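**Student:** Below is one structure. I have some questions about it.
No lab work stands behind these numbers, since they all come straight from the coordinates. The shown structure was predicted, so the numbers you read here are calculated from the model rather than taken from an experiment. All Cβ positions, glycine included, derive from the backbone under ideal geometry; neighbour counts span all protein chains shown.
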Amino acid sequence: MASAAWRFGRPLMSIFRQKGAVGRTGAVSLFSTSVPNNSPETKPTIRKPMPVMKKSLSEFAKYVADCLPKYVQMIQLAHGDELEIMICPEGIVPVLTFLKDHHNTQFVNLVDIAGVDVPTREYRFEIVYNLLSLHYNSRIRVKTYTDELTPLDSAFEVFKAADWYEREIWDMFGVFFANHPDLRRILTDYGFEGHPFRKDFPLSGYVEVRYDDEVKRVVVEPLELAQEFRKFDLSSPWETFPAFRGKSHVEEAQALPSSSEDKSQKPA
């Protein structure tokens, strides 16, 4: 048996030896033995333009705009190949229904609903619907707008996944969704006041939560900052390392000569 295996394997070994794939130890090298180039890359990594994809996305966006001229206000390609459709608030349900059920779109997956707060705008809140089409392997982004008082139509009847997403937008931004089956907070605690993702909401919040040993339960109290202001400089403001207290990084910096010293050191 061994002689038969050697008789069949000997021609293969000769082929590998001719090609230089067998080393001195007789082991077959399956990987390249070239030395990798460790020189630093000088050119930035830039994604190559894809004109064919860009053209197809532009044509598809125009097709959607022609089918829904009442609701589509603007179309654009962000970052080269990310299709975005801006719609009016009244067109949430019709546009999402079209993108989900139409044969040429089939965006049947609602990936996420995001919110953006820009207080300087008249309609400060921007609601973004991220859709995915597994059939065409493509994504689309639908954007609309509203303010603090105007509600938006819920997308729950189109995408059941919009249930918790819209609850999160309501909790964090305070955007109300009409016809939602169970619109209540989902991330903050019961009785929480305010919406944390709004730009006018303070970073420290309004209340603090702690466990009270006396009453043996968690209590909610008004926020009290024991240290209202602290001066920051180049040294560590919190004195983290005791061995370096009192030392300033400014002392390590080399002093630069003033303009008068430069003039006095110039040769005549």
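**Student:** Can you figure out the FRET efficiency of Ala65 with Asp189, using R₀ = 45 Å and their beta-carbon distance, to the nearest 0.05?
**Tutor:** FRET efficiency, Ala65 to Asp189: 0.55.
**Student:** How far apart, in nm, are the 7 Å Cα→Cβ label points at Asp213 and Asp81?
**Tutor:** Inter-label distance under the simple model: 6.1 nm.
**Student:** Here is a further query. Could you pull out every residue, at least 5 positions away or on a different chain, whose amide H is within less than 5 Å of the one on Gln73? Hs are placed 1.01 Å off N in the peptide plane, and Pro or chain starts have none.
**Tutor:** Amide H to amide H, under 5 Å and 5 or more residues apart or across chains, Gln73 pairs with Met86, Ile87, Cys88.
**Student:** In a Debye calculation with equal point scatterers on the alpha-carbon sites of segment 41-187 and no solvent, what is log10 I(q)/I(0) at q = 0.09 Å⁻¹?
**Tutor:** Debye output, listed in q order: -0.31.
**Student:** Around Ser138, which amide H atoms from residues at least 5 apart in sequence, or from another chain, sit under 5 Å from its own amide H, with H modelled in the peptide plane?
**Tutor:** Here the answer is Ser133, since their amide H atoms fall under 5 Å of that of Ser138.
**Student:** Next up: Under 5 Å between amide H atoms, partner at least 5 residues away or on a different chain: which partners does Val207 have, H built in plane at 1.01 Å?
**Tutor:** Leu223
**Student:** Could you tell me the ratio Rg/Rh of segment 124-234? Both radii from Cα atoms, Rh via Kirkwood.
**Tutor:** 1.12
**Student:** Run the dipole for segment 70-221 about the Cα centre, Lys and Arg Cβ at +1, Asp and Glu Cβ at -1, nothing else charged, and hand back the magnitude in debye, nearest 20. Walk me through the intermediate numbers first.
**Tutor:** Numbers: 16 positive and 26 negative charges, 90 e Å.
The dipole magnitude comes to about 440 debye.
**Student:** Expected output is a single nm value to one decimal: the length gained when fully extending between Met53 and Leu203, i.e. 0.36 nm times separation in residues minus the C-alpha distance. What is it?
**Tutor:** 49.8 nm
**Student:** Right, another one. Could you tell me the calculated FRET efficiency between Thr97 and Val128, based on Cβ-Cβ distance and R0 = 22 angstrom, to the nearest 0.05?
**Tutor:** 0.80
**Student:** Just to verify a number: FRET efficiency for Glu148 and Ala178, C-beta to C-beta distance, R0 = 22 Å, to 0.05? Mind dumping the intermediate values first?
**Tutor:** On the way: r = 15 Å, r/R0 = 0.68.
With a Förster radius of 22 Å, E is 0.90.
**Student:** Say the cut-off is 32 Å between C-alpha atoms; which of Lys48/Lys143; Lys160/Lys216; Lys160/Lys199; Lys70/Lys160; Lys62/Lys199; Lys43/Lys100 go over it?
**Tutor:** Violating the 32 Å Cα-Cα cut-off are Lys160/Lys216; Lys62/Lys199; Lys43/Lys100.
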